[in-house]
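Q: Structure provided below as structure tokens; questions to follow.
The values are calculated or read from the model by the stated rules, or taken from the named source; none is laboratory data. Since the structure is predicted, the reported quantities are computational estimates derived from the model, not experimental observations. Here the Cβ positions follow ideal geometry from the backbone for every residue, glycine too, while neighbour counts run over all protein chains shown.
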Amino acid sequence: MRAAVAVSQNFDDPLSGLALMQMPVPEPTEGWIKVKVRATSINMHDLWTLRGVGHDPKNIPIILGCDVAGVTDDGRGVIVYPVIADAEAGGGDETLDPRRALLSEEHHGGFAEYLLVPERCVLDKPGSLSFEEAACLPVAWSTAYRMLFTQGALKPGDRVLVQGAGGGVASAAISLAAAAGATVYATSRSQTNRDLALELGAAEVFESGERLPERVDLVIETVGEATWAHSLRCLKPGGAIVIAGATSGTSPEADLGRIFYQQLRVIGSTGSTRQETQDMLRFVETKGLRPKIDRVLALEEIHAGMQAMLDGNISGKIVITVA
């Protein structure tokens, strides 16, 4: 079968390690199920793997792709829950299993014609979504859902700041929070991404670091060093920052005085549980939400899609279809 494979890692030239090649078709084993891939989407995780950041080189070569929508052998349209883990080992939470692995870290991912995953990772695709739309949801939207509703305890009427509106998790958080009845403020350096945030449901948008009209209950933070000080300043006393990434760096000045004096909460968040992913899919279908797609490319065009992700020249998800 055709597949896009990470064959080497190079921080400065990540795409040099991405190869389109033939791979064996996986055959189901006990407890695992084969999915014919219809669509996938590109995540920054794919580029970090190619850069050699957070990915053990002993697992190279490996088929990339964390997001998958497809069809099982019996014709069932499905979305793949991308966390391979044991919930019991995490005290009921797969994300706390110390041996958890995201699809494409230890097991082949979805940039291929077929995929093999544990049976528990296969969820019904909402009928209201196309395969291309469904392929945008598993990583970014589930991560955003957990940040908002589990870790952030979002309530209708809350004020939420989403930093870096152009990112996949951030844009999903804007859509989800607005649909939940929150007032959403969003920031970005890019006018295009600020316009996108308004389209997705933000009440107002701002340049990165700009003063907001009021303090907020919750900040969704995936940028890190570049926005951390602003995130702290924007929180009302007792408010919370939920962090699920740090694309601009991981070591900002902590400003501990502000944190303890205003009793701010700093909460880490990684991925989602299977149940949270199921809840997210139900929420998306009930609210009639649809992810923003920047472009749809064939598997053979994946290098162009990865380059667009590297350049930051996107507004929404890049979807890869597999005919």
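Q: Show me the strands (runs of 3 or more DSSP E) found entirely inside the range 13-92 where at least 2 residues are over 17 Å from GLN278 (Cβ atoms) and in contact with a Gly (Cβ under 7 Å, 6 or more places away or on another chain).
A: Output list reads 32-41.
Q: Taking SER251 and the conditions (1) within 17 Å of the chain's Cα centre (by Cα); (2) at pLDDT below 95, which numbered condition does it fall short on, given that it satisfies the others?
A: Evaluating SER251 over (1) within 17 Å of the chain's Cα centre (by Cα); (2) at pLDDT below 95 leaves (1) as the failure.
Q: Related question: Does GLU132 satisfy the criteria of being under 30 Å from VAL223 (Cβ atoms) and not assigned by TED's automatic domain parsing to the domain that holds VAL219?
A: yes
Q: Name the one entry in ARG290, ARG282 that is within 22 Å of ILE174 (Cβ to Cβ), in the same structural domain as GLY92 (by TED's automatic domain parsing) and in contact with a helix residue (DSSP H, G or I) (Cβ under 8 Å, 6 or more places away or on another chain).
A: ARG290
Q: Among the residues of the range 197-218, write down those that are within 19 Å of LEU148 (Cα to Cα), surrounded by fewer than 20 Cβ atoms within 10 Å (Cβ to Cβ) and under 22 Å from the mean Cα position of the chain (by Cα).
A: Residues satisfying the conditions are LEU198, GLY201.
Q: Taking ARG194 as meeting all but one of (1) buried (at least 17 other Cβ atoms within 10 Å of the Cβ); (2) among the charged types (D, E, K, R); (3) in a loop (DSSP other than H, G, I, E, B), write down the number of the exception.
A: (3)
Q: Let me ask something additional. If the Cβ limit is 9 Å and pairs must be 6+ apart or interchain, which residue in the range 211-239 that is assigned by TED's automatic domain parsing to the domain that holds PHE260 pairs with which residue that is of a type in the set (Phe, Trp, Tyr) and surrounded by fewer than 23 Cβ atoms within 10 Å (Cβ to Cβ)?
A: LEU212/PHE206; PRO237/TYR261
Q: Sticking with this structure for a sec: Identify all residues within the range 261-297 that are closer than 13 Å to ALA179 by Cα and among the acidic types (Asp, Glu); write none if there are none.
A: GLU285
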